[in-house]
Structure formats: C-alpha cells, structure tokens
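Colleague: Before I ask anything, let me first share the structure, which is written out below as structure tokens.
The values are calculated or read from the model by the stated rules, or taken from the named source; none is laboratory data. Since the structure is predicted, the reported quantities are computational estimates derived from the model, not experimental observations. Every residue, glycine among them, receives a Cβ derived from its backbone with ideal geometry; neighbour counts consider all protein chains shown. With ligands, DNA and RNA removed, areas are computed over all heavy atoms of the protein, side chains included. Shrake-Rupley method; radii C 1.70, N 1.55, O 1.52, S 1.80 Å.
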Amino acid sequence: MTQLTVDGVSLGYDGNTIVRDLTFGVNNGDYLCIVGENGTGKSTLLKTLLGLHKQTAGTIGLGGGSKRAGFGYLPQQKDIQKDFPASVNEIVLSGCLSGCGLRPFYTKKEKALAAENLDKLGIAGLADRCYRELSGGQQQRVLLARALCAAKTMIFLDEPVAGLDPQATKEMYDTIFALNHDGGMTVVMVSHDISAAVEYASHILHIGKTSCFFGSSAEYARDFVRREGAL
Amino acid sequence: MNIFEKLAYYLQFPFVQYALIVGVLTALCAALLGVPLVLKRYSFIGDGLSHVAFGGMAIAAVINLTDNLYLIMPLTVVVAVFLLSRGSRAKIKGDAAIAMLSVGALAFGYFLMNTFTVSSNIAGDVCTSLFGSTSILTLTTGDIILCSIMAVLVIAVYIVFYNKIFAVTFDADFMQATGMRSKAYEVLIAVVIAVVISLAMRLVGSLLTSALIVFPALSAMRIFKSFRSAVICSAAISVFCAVFGMLVSILWGTPVGATIVMTDIAVFALFYVGGMTIRRRV
Ligand SMILES: Nc1ncnc2c1ncn2[C@@H]1O[C@H](COP(=O)(O)OP(=O)(O)OP(=O)(O)O)[C@@H](O)[C@H]1O
Ligand SMILES: [Mg+2]
C-alpha cells in the first residue's frame with residue numbers, strides 16, 4: 001500500500017529551484033535511502049515531505065491511512081539554543097506527545113517507551129542529564145530516541161549516523177533495519193554512506209545536480225553506481 | 001513599633017491582603033510564562049506588548065472606562081496574535097516592527113492622555129501607568145475577582161498544556177512534522193502572555209512588566225538544567241520577590257513596581273554568581 005506519493009514535485013527557496021520534477025512513491029514497509037552530494041536538496045526534500053517546507057510545484061499525498069501523527073523525525077540541523085534547560089528524559093518523552101491528543105500528561109506506557117528507547121540507544125545513564133552539556137554524538141542519540149518514540153508508521157531520518165562513532169553507527173544501522181524488517185516501520189533516510197544504503201535499503205533515491213534516479217537498491221547498485229564508480 | 005508589629009498592623013487591612021493575593025498570583029503567572037518566553041526569544045514581543053498595553057490604558061482613561069482591563073486585555077491579545085502570525089515571512093524584520101509598534105504605542109498613549117484627559121494630574125497618571133503605583137492597594141473587589149479568575153485560568157492552561165509548551169519551545173519543527181499544530185500552540189503562548197502582561201501592568205506598570213516576566217526565568221536558568229525545575233524555580237523566585245517587594249513598599253512607602261523589580265534583579269545577581277561558581281567547580 002502506498003504511504004507517500006510524490007508527483008512532479010519541485011523544490012526551491014525564494015524562487016530558486018533546486019530540484020525539478022521529482023516523482024516517486026513510498027510503500028508500506030519500504031526502506032528508502034536518499035543519497036546525493038552536499039547541497040542537492042536532500043534535507044529540503046525531507047522537510048517538504050514532512051510539511052515543514054512548501055514545494056514550488058507538484059503534489060505530495062499521504063495514503064494508506066498514514067497520518068503525520070505517526071511520523072518520527074530526526075532533523076539534520078539542530079537549531080536548539082545553547083542555554084536551553086532541558087533534561088534528556090524531557091526531550092525523549094516529548095516524542096510521545098503526538099499520541100497524547102488533548103491528554104495533558106504522559107501515561108506509564110509512554111514513559112516505558114521512552115525508557116526503552118533510551119536503553120536501545122545506550123543512553124539510559126544520561127536520562128537526567130542536561131541536553132546542552134552532552135557531546136555532539138550523545139545529543140544525536142537523544143534526538144534519535146525522541147524520533148523513535150514518535151514513530152508509529154514512518155520514520156524520517158536526516159543523516160542519522162553523522163557524528164556517531166563506528167560502533168554506534170553499526171548499532172544504529174542494525175536498530176533501523178530491525179525497526180523496518182521486524183517492526184514493519186517504513187523508513188526514509190538521508191545518507192552519504194552509499195555502501196550501507198545499498199546494503200540495507202529496499203529503494204534508493206539519488207538526487208543529482210542534473211538528474212535524479214529512483215528505483216530498487218539492486219537496480220541502483222547495478223546501473224548507477226557502476227556508471228558513476230561511486231561504490 | 002518594630003517592623004513586625006507594623007507589618008502585622010498593615011496585614012489586618014483587607015485591601016493589603018487583596019493586594020498581596022493579586023500580587024502573588026500575577027507574579028506566579030508572569031514567571032511561569034517567562035521561561036518559554038525567554039527561550040523562544042519572545043522577550044522583545046513581551047516588551048512591545050506591554051507598551052501596547054500602555055496605549056490601551058490611555059484609551060481607557062480618555063473614554064473614562066472604569067475597569068480598563070476589559071479594554072487592555074483584548075487589545076494586547078489581538079496585537080500578540082497579529083505579531084506572531086505575521087511570523088517570519090514578514091518583510092519588515094520582527095524586531096524592527098516591534099520597536100516601531102512599542103514606541104508608537106507609547107507616543108500615542110501619551111498624546112491621548114495629554115490631549116483629551118480631564119484629569120488634573122496628568123503627569124501623575126502617566127507615571128502611574130508607566131511605573132505602577134499604589135493602585136495595587138486601591139483595587140476593588142471586582143478587580144480582585146477578575147484578576148484572580150484570569151490568573152487561575154492562566155495557571156490551569158499552563159498545567160494542561162505544559163508538555164506541549166515544552167515541545168513547541170524546544171523544537172517547533174519536530175512538533176509540526178509529527179502532526180501537531182505547533183503554530184496553534186505558539187499562538188496560545190502569545191495569547192496567555194498578553195493576558196499576563198495586562199495583569200502584570202497593574203502591579204508594576206507597563207514599562208516594568210517585562211522585567212517581572214523575564215528576570216525570574218533568567219535567574220532560574222542560570223542554575224537549573226531541566227525545563228521543569230527551571231519553571232518551578234522561576235515561579236518560586238517570582239512569588240518571593242513579589243511578596244518581599246510589596247511588604248517593603250508597604251512598610252517604607254517605596255514604589256511597589258520598582259521595589260519588586262529591584263528584588264528580582266538582586267536575586268538574578270545572586271543566581272548569576274551562584275551559577276558561575278557551580279559551573280567552575282564541576
Ligand atoms: N533556508 C534556506 N534558504 C535558502 N536556501 C536554502 C535554505 N536551506 C537550504 N538552502 C539551499 O538549498 C540547497 C539544498 O539544501 P539542503 O540542505 O536540502 O541540501 P542537502 O542535500 O541536505 O545537503 P547536505 O548533504 O549538505 O545535508 C542548498 O543549495 C542550500 O544552499
Ligand atoms: Mg542535508
């Protein structure tokens with residue numbers, strides 16, 4: 001079932017088009033990797049899919065009963081202020097908020113989910129620490145835990161392994177793969193790690209300066225990567 | 001009479017008790033909202049709104065409205081929503097627009113009061129609305145009930161939407177992306193801030209209102225590292241400063257608003273130094 005249809009979408013800022021006429025679909029249970037050079041518009045595409053940015057042309061449709069309330073999101077740029085007093089626990093819990101509706105407080109189940117995700121990312125020991133006093137990689141894990149709490153049907157990750165050490169990178173890929181493979185979660189991920197993308201993803205969207213490619217990762221490995229010599 | 005006897009003597013009077021109740025409630029609301037206000041970089045909006053409230057007060061004085069809250073509150077709420085909904089797409093940059101609005105409202109208010117008012121003591125009236133006055137001691141029962149209802153409402157809204165307020169303050173984009181209406185919560189914060197400002201104006205006057213909102217939050221943030229502890233500490237500081245400032249001003253006849261704000265500043269200095277020593281030790 002199609003969860004997301006992108007039809008003839010162009011992206012841009014202030015009248016400058018950066019990506020033209022993009023058409024693809026994401027089905028239930030897909031693992032889509034978006035790759036491409038710096039500045040080609042991957043993050044912009046993700047923001048547009050999430051409704052944070054307006055496309056300059058084309059339509060984006062949500063289908064198959066997917067609602068934004070079941071989405072998880074890990075942003076690339078974190079313009080979170082230096083002096084923000086927030087504990088890791090508060091931030092991760094806030095990922096559960098989309099399921100709360102008008103209920104003012106978190107349930108036991110939501111608190112347990114937050115604790116479980118902290119555990120999964122190996123930061124259970126940091127739960128009461130102040131976010132602004134963590135290292136970059138630790139902060140990345142906190143925001144990932146928040147995204148995991150929010151994700152019910154789809155998860156959008158913008159360079160999730162940036163800033164993680166090799167061990168954590170491996171674990172992160174395994175976690176995402178398990179989420180997709182065992183949990184049936186649809187994954188849309190921006191990555192620069194093409195070999196990992198080909199290995200784990202079911203589909204690949206390559207956004208190039210001049211042309212774009214969309215297809216299964218096997219096709220991508222066969223046609224595109226060989227031609228570009230990128231692998 | 002020593003100080004305590006004098007205090008006990010004053011505290012017998014219902015108008016002093018009322019003033020203390022209203023003062024504490026107002027200070028509490030101001031401090032609660034102060035934390036998201038400072039963190040969302042809305043401080044300048046708070047400042048602009050308090051000047052707009054001054055304009056509203058001038059209009060109320062000219063048309064001889066007995067309870068000016070009925071005019072000031074809707075006016076500041078409308079301006080707050082307007083300021084936020086223009087958002088980032090506005091061509092005149094946010095801070096410049098607000099600067100224009102706040103000096104404009106000041107000039108407009110002063111002009112109105114000077115030109116049209118029938119009062120014989122214009123300078124006194126203007127001074128009162130800018131810096132607060134003993135007007136907190138001349139509240140009617142109606143005033144107190146209205147003030148208390150609004151304050152309780154603000155606190156209730158804050159508690160009910162606490163988690164959402166945290167989320168929209170920390171990361172509005174994430175909230176929006178995961179299907180929540182972050183814009184609506186931003187507007188909610190703005191509306192509540194506008195209500196708080198029109199309440200706080202009576203306590204400390206329009207020029208000092210943003211001090212009441214901003215200082216306790218900034219003090220708390222020097223030391224506390226989670227949102228919840230910062231909010232609680234900010235509220236505690238603000239209530240303490242309001243009570244202390246009001247008692248001092250009752251005992252020694254100092255201006256209420258300025259005394260409360262001076263207390264807030266002293267506490268901020270204390271927390272600033274405290275925060276530095278803690279940070280150095282760790
Ligand atoms: N807020 C903005 N206003 C104007 N232009 C922008 C803005 N954000 C990004 N751009 C431009 O849009 C283009 C795409 O940016 P985007 O962040 O989507 O790239 P990206 O593919 O995610 O790159 P990277 O791999 O470095 O993360 C860039 O050329 C950038 O200069
Ligand atoms: Mg990017």
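Colleague: Set the Förster distance to 22 Å, then compute FRET efficiency between B:Thr277 and B:Leu251 from the Cβ-Cβ distance, nearest 0.05. Kindly include the intermediate steps, with their values, before the conclusion.
Modeller: Details: r = 32 Å, r/R0 = 1.48.
According to the calculation, E is roughly 0.10.
Colleague: For the stretch B:238-257 and the stretch A:167-191, what is the separation of their C-alpha centers, rounded to whole Å?
Modeller: 58
Colleague: Can I ask one more? Using R₀ = 60 Å, calculate the FRET efficiency as 1/(1 + (r/R₀)^6) where r is the Cβ-Cβ separation of A:Asn16 and B:Phe13; round to 0.05.
Modeller: On the way: r = 68 Å, r/R0 = 1.14.
FRET efficiency, A:Asn16 to B:Phe13: 0.30.
Colleague: Rolling a 1.4 angstrom probe over the protein heavy atoms, how many square angstrom per residue are accessible across the stretch A:133-205? Spell out each step's value before the answer.
Modeller: Details: 2580 Å² over 73 residues.
Accessible surface, normalised per residue, equals 35 Å².
Colleague: What's the local net charge at A:Gln138, with K and R +1, D and E -1, over the other residues with C-beta under 12 Å away?
Modeller: Working: positive: A:Arg129, A:Arg132, A:Arg141; negative: A:Glu133, A:Asp165.
Local charge sum for A:Gln138: +1.
Colleague: How far, in degrees from 0 to 90, does helix A:136-150 lean away from the longest principal axis of the Cα atoms of chain A, to the nearest 10?
Modeller: Computed tilt is about 90 degrees.
Colleague: Within chain B, which complete DSSP H helices have Cα atoms spanning at least 24 Å along the helix axis and a mean Kyte-Doolittle hydropathy of -1.0 or higher? Mind showing how you got there, number by number?
Modeller: Working: long enough: B:14-39 (38 Å, 2.12); B:43-62 (29 Å, 1.30); B:69-86 (25 Å, 2.11); B:94-116 (32 Å, 1.32); B:141-160 (28 Å, 2.41); B:182-204 (32 Å, 1.93); B:227-252 (37 Å, 1.98); B:256-281 (38 Å, 1.05).
Correct list, ordered by number: B:14-39, B:43-62, B:69-86, B:94-116, B:141-160, B:182-204, B:227-252, B:256-281.
Colleague: How large is the accessible surface of B:Thr141 in square angstrom, using a 1.4 angstrom probe and rounding to the nearest 10?
Modeller: So the heavy atoms of B:Thr141 present about 90 Å² to solvent.
Colleague: Take every residue in peptide A:98-106, count the Cβ atoms of other chains within 10 Å of its Cβ, and give the average of those counts. Kindly include the intermediate steps, with their values, before the conclusion.
Modeller: Values: counts 7, 2, 4, 1, 3, 2, 6, 4, 1.
Counting other chains' Cβ atoms within 10 Å and averaging over A:98-106 gives 3.
Colleague: Averaged across the residues of B:215-227, what count of C-beta atoms belonging to other chains lies within 10 Å of each residue's C-beta? Working shown, then result.
Modeller: Values: counts 0, 0, 1, 1, 0, 1, 3, 2, 1, 3, 10, 11, 8.
For this peptide, the per-residue mean of nearby foreign Cβ atoms is 3.
Colleague: From the alpha carbon gyration tensor of chain A, can you work out the equivalent ellipsoid semi-axes (sqrt of 5 times each eigenvalue) and give them in Å, largest to smallest? Please report the intermediate quantities before stating the final value.
Modeller: Numbers: eigenvalues 173, 78, 62 Å².
Each semi-axis is the square root of five times an eigenvalue, giving 29, 20, 18 Å.
Colleague: For the protein assembly as shown, give the percent of accessible area contributed by carbon and sulfur heavy atoms, probe 1.4 Å, rounded to a whole number.
Modeller: 62
Colleague: May I have the extent of the alpha carbons of the stretch A:1-83 along their three principal axes, as whole Å values ordered from largest to smallest?
Modeller: The principal-axis extents, from largest down, are 41, 32, 21 Å.
Colleague: Pairing the Cα long axis of helix A:108-120 with the longest principal axis of chain A, what angle in degrees results, from 0 to 90 and rounded to the nearest 10?
Modeller: Between helix and principal axis, roughly 60 degrees.
Colleague: Return one number: the angle in degrees, 0 to 90 and rounded to the nearest 10, between the long axis of the Cα atoms of helix A:166-181 and the longest principal axis of the Cα atoms of chain A.
Modeller: 80
Colleague: Another question, then. At 7 Å along the Cα-to-beta-carbon direction for both A:Ile60 and B:Ala269, put a label point, then send me their distance in nm to one decimal.
Modeller: Taking the two extended label points, one gets 5.2 nm.
Colleague: For the stretch B:3-276, what value does the Rg/Rh ratio take when both radii are computed over Cα atoms and Rh is the Kirkwood radius, given to two decimals? Before the final figure, lay out the partial values.
Modeller: Values: Rg = 18.5 Å, Rh = 19.0 Å.
Rg divided by Rh gives 0.97.
Colleague: Going down the table (A:Lys170/B:Lys164; A:Lys54/B:Lys40; A:Lys82/A:Lys109), which pairs top 29 Å between alpha carbons?
Modeller: Details: A:Lys170/B:Lys164 34 Å; A:Lys54/B:Lys40 23 Å; A:Lys82/A:Lys109 31 Å.
Check vs 29 Å cut-off fails for A:Lys170/B:Lys164; A:Lys82/A:Lys109.
Colleague: Here's a follow-up. Cross-link partners among lysines for A:Lys209, C-alpha distance below 18 Å, same-chain residues fewer than 8 apart left out?
Modeller: Answer for A:Lys209, where 18 Å is the Cα cut-off: A:Lys42, listed by chain and number.
Colleague: Between the stretch A:23-49 and the stretch A:144-161, what is the separation of their alpha carbon centroids in Å?
Modeller: Here the two parts' Cα centres lie 14 Å apart.
Colleague: Let me ask something additional. When the expected Rg is taken as 2.2 N^0.38 Å, what fraction or multiple of it is the alpha-carbon Rg of the protein assembly as shown? All intermediate terms of the calculation are to be shown ahead of the outcome.
Modeller: Numbers: Rg = 27.2 Å, N = 513, 2.2 N^0.38 = 23.6 Å.
Expressed relative to 2.2 N^0.38 Å, the Cα Rg reads 1.15.
Colleague: Report relative contact order for chain B in percent, whole number only (criteria: Cα-Cα under 8 Å, sequence separation at least 6). It would help to have the intermediate numbers written out before the result.
Modeller: Values: 373 pairs, mean separation 89.2, N = 282.
Rounded, it is 32 percent for chain B.
Colleague: Quick one: check the C-alpha center-to-center distance for the stretch B:5-72 versus the stretch B:135-207, whole angstrom.
Modeller: 13
Colleague: Follow-up question, since we're still on this one. Simple spin-label model, 7 Å along Cα-to-Cβ: B:Lys183 to B:Ala236 in nm?
Modeller: So the two model labels end up 4.0 nm from each other.
Colleague: Quick check: pseudo-label points 7 Å beyond the Cα along Cα→Cβ at A:Met1 and B:Val243, how many nm apart are they?
Modeller: 5.8
Colleague: Once you mark the trypsin sites (Lys or Arg not before Pro) that are in a DSSP loop and have at most 12 other Cβ atoms within 10 Å, what is the longest gap between them in chain B? Don't skip to the end; give the middle numbers.
Modeller: Values: sites that count: B:Arg41, B:Lys91, B:Lys93.
In short, B:94-282.
Colleague: Give the A-B buried accessible area in Å², both sides summed, 1.4 Å probe, nearest 100. All intermediate terms of the calculation are to be shown ahead of the outcome.
Modeller: Numbers: alone 11670 and 13860 Å², together 22840 Å².
The contact between B and A buries close to 2700 Å².
Colleague: Average partner chain C-beta neighbours within 10 Å, per residue of A:84-97?
Modeller: Details: counts 8, 16, 10, 6, 1, 2, 7, 7, 0, 3, 12, 3, 3, 10.
What the average comes to for A:84-97 is 6.
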